[in-house]
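No value in this document is a laboratory result; all are computed from the given coordinates. Remember, predicted model here, so these are calculated numbers, not experimental data. Neighbour counts run over all protein chains shown; Cβ positions are idealised from the backbone, glycine included.
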């Protein structure tokens, strides 16, 4: 096709290629083991797949209601009440979304106006800032401190002002695996009290928490819940990231604005999958057993690399583990990760790309949502580096 003569001004003129795309491409080119991108390489529960097939055969193949089918929203409401003690009305305060990324983009689009400031804690998942910028907002980046990525609350408070429209948090945290503590959430609640600031809480790994840690949902804290969009993912929870199924919970006045954008973005979400999930969620073990399931994988992998030259602290949550290579190489983490793909046949993610000003702590991220065979093959390579 002949190139257009239109004078196009991009809303995202300096958007680089995603690091996930880059590393997955390199993994394919060099036939490397890919433990970079955050998705399982094993199948969902066959029971869940059978439920989807049944829903299709039962005729649930046309549009679902805008906000999602009531049985699914009702059982999500019951799940949130069971785990966090918060009550969301299924009809007016819960919306089924095309994964958590769509929920996040929709929440930002609904409430962020041009020149509004949105606080983003770095390192951060890479969908937040483009969504803010494409809506005319201004990302205000605050770097978490140290290699364990703690929150400096004095620095956080210093960045709050009359222009602050929204704060985005993510717990359990991608890419670090850090989990917000109860004291963190109470401090956040104190900082935002008596303001009109909206909280966007990305909780897609809510059920993947290890050891003595617990997931501190924004829903558990009344003042936070009253100002929060809480975004979650069925894809992460049930090993089906390609289904792009998630949901958002928020007070009715916020959800009303959310659904205005949702309606003209996607209108509704995959109907048979909703029917299947509504049935599958009736057994809480399907999500409550997820922490032990992934902790076993984490422990297997870390045990297998204990004699390597990498340093690490066991991740608190998510299915990601940080590895510190500072005693192995002085290279940048990007150069080190690229060399691992090309020379060692293993693909991982450099952390600096998620940090403010590309701060390089000599850390890489691996995903352990993989089969035992894949994890042991990867560990064998890692111990030789």
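How high is the relative contact order of segment 60-282, in percent, with contacts defined as C-alpha pairs under 8 Å that are six or more residues apart?
30
If you restrict to DSSP beta bridges whose two residues both lie in segment 60-282, what percentage is antiparallel, to the nearest 5?
30
Determine the gain in length on full extension of the stretch residue 15-residue 329; use 0.36 nm per residue of separation and subtract their C-alpha separation, reporting nm with one decimal.
Roughly 110.1 nm would be gained on extension.
Evaluate the Kirkwood expression for the hydrodynamic radius of segment 312-377, namely the inverse of the mean inverse distance over all pairs of different C-alpha atoms, and round to one decimal in Å.
It works out to 12.6 Å.
Sort out for me the Cα centre separation of segment 122-193 from segment 45-89, rounded to whole Å.
Between the Cα centres of segment 122-193 and segment 45-89 lies a distance of 31 Å.
Can you tell me the alpha carbon radius of gyration of segment 240-385 divided by the globular rule-of-thumb value 2.2 N^0.38 Å?
With N residues counted in segment 240-385, Rg over 2.2 N^0.38 Å equals 1.36.
Counting DSSP beta bridges in the chain, what percent are antiparallel, to the nearest 5?
Details: 18 of 39 bridges.
If I count the DSSP bridges inside the chain, around 45 percent turn out antiparallel.
When the scattering of segment 154-208 is computed by the Debye formula from its Cα atoms alone, each counted once and equally, what is log10 I(q)/I(0) at q = 0.15, 0.18, 0.20, 0.22 Å⁻¹?
-0.46, -0.66, -0.79, -0.93
In angstroms, what radius of gyration and Dmax does segment 60-282 have, counting Cα atoms only?
16.5, 52
For each of 6, 159, 262, 239, count neighbouring Cβ atoms within 10 Å of the residue's Cβ, then give the residues from fewest to most.
6, 159, 239, 262
Order of 264, 325 from fewest to most other C-beta atoms within 10 Å? Present the calculation step by step, with values, prior to reporting the outcome.
Values: 264 8, 325 23.
By the 10 Å Cβ count, ascending: 264, 325.
So, R0 is 22 Å and r is the distance between the beta-carbons of residue 312 and residue 380; what FRET efficiency does that work out to, to 0.05?
Efficiency, from the Cβ-Cβ distance: 0.85.
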